[in-house]
Amino acid sequence: MKSVHIDNLYLAKRLPSDYRKIFDGICERILADSSLSAFDKSAAVNAVLEHCQKNARDGVPASRAFPDSPSRYAVRFSGGPAFRDMKEKLCRQDYEKFVISSIWTVFTVSIVLLFLNNLVTGRYLLTYWADAAVGCIAGAVAIQNYRVRHRIVKRYQLGSLYLRLDLVTLGACVFIKLVSRSNFDITYLLLVISFFVSKKNASPQFEQILSSFSGKKA
C-alpha cells in the first residue's frame with residue numbers, strides 16, 4: 001500500500017469486515033497493475049473505498065454490491081467517470097496540502113533559524129534548554145511538512161525548481177544568521193518570498209493538470 005495516496009487509507013479500517021475483505025482484494029489487483037501510475041492507483045483505490053463506504057452506509061450487503069470477481073472491479077475503477085472525478089478531487093486536495101505545508105515550513109523554519117541565531121549570539125528567549133526544545137519540535141514539524149510538499153512535487157512531476165529554491169533559500173538564511181548581527185531579520189522575508197514564488201509557479205501547473213481531467217470528461 002506504500003504506492004497509494006495514504007491520507008484516506010485509515011478509513012478502510014472502519015469498513016465492515018465483509019467490505020474490508022472485498023476492498024483489500026480489489027486493491028491488491030489495482031496495485032499489481034503495472035500500466036497504472038502511482039497517482040492512478042491512488043485514485044482507483046480511493047474510488048473503490050468511496051463506493052464501499054456509500055454502500056455500507058446504505059445497508060447494502062457486500063455480496064450484492066460486489067457480486068463479481070475483484071479483477072473485474074479493479075478494471076472498472078481504474079477508468080471511467082468515477083476514476084476521473086477522484087483524480088480531480090485528489091489533485092485539488094494535494095494543491096491545498098502543498099500550500100498549507102509550505103506555510104507551516106516557513107513558520108517552523110523561522111523558529112529553527114531564530115534558535116540558531118540565539119545559539120550563535122548566546123542570548124536566549126528563555127533558557128538554552130527551553131529554546132532548544134522549541135527549536136527541535138519546530139525542526140521536526142518543518143521536516144514533516146517538507147516531506148509532504150516533496151511527495152506532492154514528485155507525484156505530479158512539477159520539476160526541480162522547488163528543491164533548488166528551497167536549498168538556495170535555506171542556505172542563504174543560515175549564512176545570514178551565522179554572519180549577520182543586524183537587528184533586522186531578513187531571513188523571514190526570504191522564506192516568505194520563497195513561499196510566494198513556489199505558490200506562483202505551482203498554481204498554473206495544478207490548473208493545467210486539473211484542466212486535463214476536465215478535458216477528458218468532455
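The values are calculated or read from the model by the stated rules, or taken from the named source; none is laboratory data. On a predicted model such as this, the values are computed, not experimentally measured, just so you know. Positions of Cβ are generated from backbone atoms using ideal geometry, with glycine treated the same way; all protein chains shown enter the neighbour counts.
Just to check your reading of the model, which residue among I176, I186 is in contact with a Cys (Cβ under 9 Å, 6 or more places away or on another chain), surrounded by fewer than 17 Cβ atoms within 10 Å (Cβ to Cβ) and without any contact (Cβ under 8 Å) to a residue 24 or more places away in the chain?
The unique qualifying residue is I186.
Please tell me if A65 is crowded, with 19+ Cβ neighbours inside 10 Å, out of contact with any strand residue (DSSP E or B) (no Cβ under 7 Å at 6 or more places or on another chain) and among the aliphatic types (A, V, I, L, M).
The answer is no for A65.
Looking at Y124 and the list (1) touching an Asp or Glu at 6+ places or on another chain (Cβ under 6 Å); (2) assigned to a helix (DSSP H, G or I), which single condition is not satisfied?
Failing condition for Y124: (2).
Is there a residue in segment 173-191 that is part of a helix (DSSP H, G or I) and small (G, A, S)?
Scanning segment 173-191 turns up no residue that is part of a helix (DSSP H, G or I) and small (G, A, S).
Residues of segment 91-131 being touching a helix residue (DSSP H, G or I) at 6+ places or on another chain (Cβ under 7 Å), surrounded by fewer than 18 Cβ atoms within 10 Å (Cβ to Cβ) and more than 30 Å from K200 (Cβ to Cβ), which ones?
Within segment 91-131, V120, Y124, L125 qualify.
Please list, ordered by first then second residue, the pairs with beta carbon atoms under 8 Å, 6 or more apart or interchain, first in segment 1-25 and within 19 Å of S71 (Cβ to Cβ) and outside the structural domain of S37 (by TED's automatic domain parsing), second at pLDDT below 70 and hydrophobic (A, V, I, L, M, F, W, C).
Correct list of pairs: M1/L9.
Say whether the condition of being part of a helix (DSSP H, G or I), without any contact (Cβ under 8 Å) to a residue 24 or more places away in the chain and not assigned by TED's automatic domain parsing to the domain that holds Y156 is met by at least one residue in segment 31-42.
no
Would segment 137-152 turn up any residue that is under 30 Å from M86 (Cβ atoms) and modelled with pLDDT under 90?
Checking segment 137-152: at least one residue is under 30 Å from M86 (Cβ atoms) and modelled with pLDDT under 90.
Using beta carbons and a limit of 9 Å, which pairs, at least six apart or on different chains, have the first residue in segment 138-153 and in the same structural domain as I100 (by TED's automatic domain parsing) and the second one outside any helix (DSSP H, G or I) and surrounded by fewer than 14 Cβ atoms within 10 Å (Cβ to Cβ)?
V153/G159; V153/S160
So which residues in segment 9-44 are more than 18 Å from R84 (Cα to Cα) and among the aromatic types (F, W, Y)?
If the condition is that a residue be more than 18 Å from R84 (Cα to Cα) and among the aromatic types (F, W, Y), then Y10, Y19, F23 are the ones that fit.
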